[in-house]
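Read the structure below first, then the notes.
The values are calculated or read from the model by the stated rules, or taken from the named source; none is laboratory data. Remember, it's a predicted structure, so these values are computed and weren't measured experimentally. Here the Cβ positions follow ideal geometry from the backbone for every residue, glycine too, while neighbour counts run over all protein chains shown. The protein model used for the area step is the full one, side chains on, heavy atoms only, and it has no ligands, DNA or RNA in it. Shrake-Rupley method; radii C 1.70, N 1.55, O 1.52, S 1.80 Å.
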Amino acid sequence: MNDEKKARPPIDRRMLEALVCPMTQAPLSYDAERQELVSKAAHLAYPIRGGIPIMLEEEARKLD
């Protein structure tokens, strides 16, 4: 395991289940590999930095 993965704070699954996409109010899926919350409805992936989801459209990565 590399240092980056060791340094990641644990993600609270209950918190993730309570979050929805701020654009569409649709459920999000958690991508542990990329440390993102994915909104299939909005075609966006919101980053998780330091264990904190960044739920801003301008910070999200657009999905193809």
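Just the number please: accessible area per residue for the chain, 1.4 Å probe, all protein chains included, in Å². Show your work: numbers first, answer last.
Details: 4670 Å² over 64 residues.
With all protein chains present, the chain gives 73 Å² per residue.
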So between residue 25 and residue 57, what do we pick up on full extension, going 0.36 nm a residue minus the alpha carbon distance?
10.2 nm
Burial order of peptide ranges 36-45, 16-25 (average beta-carbon count within 10 Å, highest first)
36-45, 16-25
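Using a probe of 1.4 angstrom, how much of the accessible area of the chain is carbon and sulfur, in percent? Write out the running numbers ahead of the final one.
Numbers: 2380 of 4670 Å².
For the chain, the apolar C and S fraction of the accessible surface comes to 51 percent.
Per the helix-only calculation at 222 nm, which mean residue ellipticity applies to the chain, given -39500 (n - 2.57) for every DSSP H run of n ≥ 4 and division by its residues, nearest 500 deg cm²/dmol? The partial results should precede the final answer.
Values: 2 runs with 11 residues, N = 64.
After summing the helix terms and dividing by the residues of the chain, the value is -3500 deg cm²/dmol.
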Considering Cα pairs under 8 angstrom that are at least six residues apart, work out the relative contact order of the chain and quote it in whole percent.
23 percent
Under the Kirkwood approximation applied to all pairs of distinct alpha-carbon atoms, what is the hydrodynamic radius of the chain in Å?
12.0 Å
